[in-house]
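The values are calculated or read from the model by the stated rules, or taken from the named source; none is laboratory data. Keep in mind the model is a prediction, meaning the values are calculated, not measured. A quick note on method: Cβ atoms are made from the backbone with ideal geometry, for glycine too, and the neighbour counts reach across all protein chains shown. Remember, those area values only see protein heavy atoms, side chains included, never the ligands or the DNA or RNA. Shrake-Rupley method; radii C 1.70, N 1.55, O 1.52, S 1.80 Å.
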Amino acid sequence: MIKNVFILSLLLFFAACSEKPLTQNLDGKALLESKCASCHDINMPPKISDNELAPPIMAVSFHVHNFVKPTDESQRTSKAIEFVTDYIFNPSLKKSFCDEDSLERYGLMPSQKNKLTKDEAKAIALYMFTNFTQENLIVIQKKQAAFDALDAGEKIAIKHRCLGCHGVNIKKVGPSLVEIADKYSQNKDEIIKSIRNGSKGIWSKGAVMPAFEKMEDEELEILTEWILKTNKS
Ligand code: HEC
Ligand code: HEC
């Protein structure tokens, strides 16, 4: 019995090892956060700051991807991955694609030798060139623009996850917002009270509406105004 268990775990060990190359088992995103984010901003798009220590990772990714010189265009991404994997351990003013002014402002990146393994560096580089791409930036900017265009009240509803339980037009766990607006069209204070204190037993027997005790008065007001408007469009 003990022998069988031993052989089984040995088999599992080899199966796990032979399945994928090592970098695919490493989490490039988590590694980027823990190994690079202390100096490089890793938001997409980056948060602008006056006293940044290094160029944002999105800028680095776009940069390196544009400036590496592959012999064959189809090799551009693998060449970029190779560049970053090397740069992490062996940075130099000559290799850097940063312009002179930036290099002067930031100073050379200190080598990260002994702070991560080569495989970890590769996993980070792979993640950089799959996540920080022009296509992804466009998708994110479109989503952001759509969110910015929303009514202030709807933004608050999204922030507090009201829409997980209430559809605007459809009933989910709780009644639709349109139904609520119809019922309380002349009774705004009732809505405010329900959001603040929660509610149960009014719309159904089982499901409970949680209390949002800590929501700011101003937010609550804007949110309630928006709910009351949902049956008017
Ligand atoms: C201690 C701060 C610091 C840490 C940690 C750091 N960097 Fe840098 N990095 C810099 C600075 C400063 C620059 C700009 C100067 C230069 O190009 O060397 C830079 C530049 C780079 C460049 C070259 C940019 C270009 O356009 O040529 C790459 C690639 C890079 N970093 C990747 C990484 C990755 C990946 C990590 C995480 C493993 C990391 N860095 C961790 C400070 C840091
Ligand atoms: C976990 C699910 C859930 C979340 C999250 C939730 N609700 Fe509800 N809500 C309910 C349920 C269930 C009811 C019906 C309760 C009842 O029958 O009294 C309800 C009822 C309501 C009512 C009507 C209460 C009454 O007195 O008739 C309002 C108004 C309301 N929700 C607003 C909101 C707002 C605004 C948010 C976000 C800040 C929110 N809800 C978040 C589940 C939820």
Residue in segment 48-71 that is farthest from ligand 2 (Cβ to nearest atom), counting only those that are under 23 Å from the mean Cα position of the chain (by Cα) and among the aliphatic types (A, V, I, L, M): V64
Answer yes or no as to whether A181 is open to solvent by less than 90 Å² (accessible area, probe 1.4 Å) and either in contact (Cβ under 8 Å) with a residue 60 or more places away in the chain or farther than 13 Å from L223 by Cα (or both). no
With a cut-off of at least 2 residues that are touching a Ser or Thr at 6+ places or on another chain (Cβ under 6 Å), name the helices (runs of 4 or more DSSP H) lying wholly within segment 158-233. 177-183, 188-197
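Being away from ligand 1 (no atom under 14 Å from the Cβ), touching a residue at least 40 places away in the same chain (Cβ under 8 Å), out of contact with any Pro (no Cβ under 6 Å at 6 or more places or on another chain) and assigned to a helix (DSSP H, G or I): is that true of L126 here? Quick ask: steps written out before the conclusion?
Details: away from ligand 1 (no atom under 14 Å from the Cβ): no; touching a residue at least 40 places away in the same chain (Cβ under 8 Å): yes; out of contact with any Pro (no Cβ under 6 Å at 6 or more places or on another chain): yes; assigned to a helix (DSSP H, G or I): yes.
Against the criterion (away from ligand 1 (no atom under 14 Å from the Cβ), touching a residue at least 40 places away in the same chain (Cβ under 8 Å), out of contact with any Pro (no Cβ under 6 Å at 6 or more places or on another chain) and assigned to a helix (DSSP H, G or I)), L126 does not qualify.
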Within segment 196-219, of all residues that are in contact with a helix residue (DSSP H, G or I) (Cβ under 6 Å, 6 or more places away or on another chain) and free of Cβ contacts under 8 Å to residues at least 60 places away in the same chain, the one farthest from ligand 2 (Cβ to nearest atom) is A211
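Going by the structure shown, is Q144 within 30 Å of L223 (Cβ to Cβ), surrounded by fewer than 16 Cβ atoms within 10 Å (Cβ to Cβ), under 20 Å from the mean Cα position of the chain (by Cα) and of a type in the set (S, T, N, Q)? I'd like the intermediate steps shown before the answer.
Numbers: within 30 Å of L223 (Cβ to Cβ): yes; surrounded by fewer than 16 Cβ atoms within 10 Å (Cβ to Cβ): yes; under 20 Å from the mean Cα position of the chain (by Cα): yes; of a type in the set (S, T, N, Q): yes.
Answer is yes for this residue.
Of the residues E213, E154, which single one is within 30 Å of the chain's Cα centre (by Cα), open to solvent by 50 Å² or more (accessible area, probe 1.4 Å) and more than 16 Å from ligand 1 (Cβ to nearest atom)?
Values: E154 fails: open to solvent by 50 Å² or more (accessible area, probe 1.4 Å).
E213 is the lone residue from the list that is within 30 Å of the chain's Cα centre (by Cα), open to solvent by 50 Å² or more (accessible area, probe 1.4 Å) and more than 16 Å from ligand 1 (Cβ to nearest atom).
I'd like to verify a number: residues in segment 83-123 that are without any contact (Cβ under 8 Å) to a residue 60 or more places away in the chain and assigned to a helix (DSSP H, G or I), how many? It would help to see each step written out before you state the result.
Going through segment 83-123, the residues without any contact (Cβ under 8 Å) to a residue 60 or more places away in the chain turn out to be 83-108, 110-111, 113-114, 117-118, 121.
Those still in the list that are assigned to a helix (DSSP H, G or I) too: 83-89, 100-106, 118, 121.
Going through segment 83-123 one residue at a time, the tally reaches 16.
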Selection from segment 98-118 of residues more than 6 Å from ligand 1 (Cβ to nearest atom), more than 23 Å from D27 (Cβ to Cβ) and not polar (S, T, N, Q) yields D99, E100, D101, E104, R105
